[in-house]
Amino acid sequence: MQYLDLVKVERSYQSASAQQLKKIEWAGARLLFIAGTAFGVTTGIGLYLLAPLFSYWFFGNYRFWKYAHMGPRLIAYAYIMAYRWLKGEFAPGVSLTAPPMSKPDLTLVQMNPAWENGEACTNCGKCCQKIRCPLLEANGQCMGYDSFYWRYFNCGRYPTNQKEINHYECPKWLMRIQ
């Protein structure tokens, strides 16, 4: 019986260690993104050197030439977000060690029964329009859907609370009653 208890303890320890390593990996990925973005927009030359990486981060593939026209909009947006952060108007809502997500936590939210578009946001885009996201196309579709940026930052986990739903006037999601 002692052997089985030791095996359980060892597996629990391995599981906890694996989870810690995952958290370190997620934090490292976010820090690399933040450092790369800061290097790129402050030096200018970094944008050219890291172009394939930026393309992957924002659009999900390394073919940066397809998205070169988006560069000025993304740079301007980075400066706007940095300015808002320095003024205290914006604080990232995702901890460095949070897991990447492609959809909200369904234990917190549920789809509004009045929402007629199934799983898709279709061309609503109220949340993206409100923050003037440069990845929002004229037809309401997201150019960066399910990319690194989408999964590792706010987009993939939206919404997380009623305040966000109210702020963005989101018709798709309702908070679950806890």
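Structure values in brief
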quantity: Any hit, the range 71-82, residues being more than 16 Å from Leu135 (Cα to Cα) and at pLDDT below 95; calculated: yes
quantity: Residues being loosely packed, with under 12 Cβ neighbours inside 10 Å and touching a residue at least 12 places away in the same chain (Cβ under 8 Å) - total across the range 25-36; calculated: 1
quantity: Condition broken by Met70, with the remaining ones in (1) among the hydrophobic types (A, V, I, L, M, F, W, C); (2) over 23 Å from Leu49 (Cβ atoms); (3) surrounded by 13 or more Cβ atoms within 10 Å (Cβ to Cβ); (4) not assigned by TED's automatic domain parsing to the domain that holds Tyr158 satisfied; calculated: (2)
quantity: Subset tally (residues that are within 26 Å of Pro52 (Cα to Cα) and not polar (S, T, N, Q)) for the range 126-178; calculated: 24
quantity: Single match in Tyr83, Tyr152, Tyr145 (criterion: over 14 Å from the mean Cα position of the chain (by Cα) and within 30 Å of Val41 (Cβ to Cβ)); calculated: Tyr83
quantity: Some residue of the range 129-143 being surrounded by 17 or more Cβ atoms within 10 Å (Cβ to Cβ) and closer than 15 Å to Ser95 by Cα; calculated: no
quantity: Residue count for the range 100-122, restricted to those that are farther than 14 Å from Glu164 by Cα and either of a type in the set (Lys, Arg) or touching a Phe, Trp or Tyr at 6+ places or on another chain (Cβ under 6 Å) (or both); calculated: 2
quantity: Residue count for the range 93-110, restricted to those that are under 13 Å from the mean Cα position of the chain (by Cα), more than 23 Å from Leu21 (Cβ to Cβ) and surrounded by 15 or more Cβ atoms within 10 Å (Cβ to Cβ); calculated: 1
quantity: One residue from Phe58, Phe39, Phe90 being surrounded by 12 or more Cβ atoms within 10 Å (Cβ to Cβ) and not in a helix (DSSP H, G or I); calculated: Phe90
quantity: Those residues of the range 123-142 which are closer than 17 Å to Ile165 by Cβ and assigned to a loop (DSSP other than H, G, I, E, B), in sequence order; calculated: Cys124, Gly125, Ile131
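The values are calculated or read from the model by the stated rules, or taken from the named source; none is laboratory data. Since this is a predicted model, take the numbers as computed values, not measurements. With ideal geometry, Cβ positions are generated from the backbone for all residues, glycine too; neighbour counts draw on all protein chains shown.
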